[in-house]
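**Student:** Below is one structure. I have some questions about it.
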Amino acid sequence: MSFSFLANPSSYIDDFNVYGREMSTQSINEKQDNGNLIKIYPNPANTNISVEVSQTDKNSILSIYNMIGIELIKQPIKENKTQIDISQLKSGIYFIKVTRGDIITTKKIVKL
C-alpha cells in the first residue's frame, strides 16, 4: 500500500485510519496501553501541562515529539503527577509518549 500527500504549509494531518490490514509500528516486545495509563490536562495548553500516570516505576520516561517524529523533550517520571513546561514549543500538535517498562502510551496534545 502506498499513498502520497500534497499540502500547503498551513495543512496538517490530524488522524487517519487504515482499514483492511492490521498495521503496527511497535516492536515485538512492546505492549500498547489502552489509554488509561496517563491523563494530560489542560489540552489544548499554552505554557504548562499536567501529566498524571496511574503507576510509575524507576524506568518511566516521558517524551514529547513533534509531528515529524523529532523528540523535543525527554525526562524521567518520578512522581504520579508531573508538570511539564511547554512554553518553548511553537503552536501546533505534539505527541506525548510515556514508556513504563514494556508498556507504551501515546497521547496527542495541542499547544496554543
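**Student:** Looking at the square roots a ≥ b ≥ c of the eigenvalues of the Cα gyration tensor of the range 31-111, which shape do they give, rounded for a/c under 1.5, prolate if a/b is larger than b/c, or oblate? Before the final figure, lay out the partial values.
**Tutor:** Values: a/c = 1.70, a/b = 1.46, b/c = 1.16.
Prolate, since a/c reaches 1.5 and a/b exceeds b/c.
**Student:** Here's another thing I want to ask about it. Going by C-beta contacts inside 10 Å, put S87, S50, S60 in order with the fewest on the left.
**Tutor:** Sorted ascending by nearby Cβ count, the order is S87, S50, S60.
**Student:** A further question on this structure: Using the count of nearby Cβ atoms within 10 Å as a rough guide to exposure, how do T82, T106, T47 rank from fewest to most? Kindly include the intermediate steps, with their values, before the conclusion.
**Tutor:** Values: T82 19, T106 15, T47 12.
Ordered from fewest to most neighbouring Cβ atoms within 10 Å, T82, T106, T47 come out as T47, T106, T82.
**Student:** Which residues in the range 85-112 have a backbone N closer than 16 Å to a point placed 7 Å from the Cα of E71 along the Cα-to-Cβ line?
**Tutor:** 95-107
**Student:** Next question. Could you give the size of the charge dipole of the range 63-102 about its Cα centre, using +1 on the Cβ of each K and R and -1 on the Cβ of each D and E, expressed in debye and rounded to the nearest 20?
**Tutor:** Dipole of the range 63-102, to the nearest 20 debye: 40 debye.
**Student:** Calculate, in nm to one decimal, what Q55 and I40 gain on full extension: separation in residues at 0.36 nm each, minus their alpha carbon distance.
**Tutor:** That pair, Q55 and I40, stretches by 4.0 nm at full extension.
FYI, it's all coordinate maths here, none of it is from the lab. Please read all numbers here as calculations on a predicted model, not as lab measurements. With ideal geometry, Cβ positions are generated from the backbone for all residues, glycine too; neighbour counts draw on all protein chains shown.
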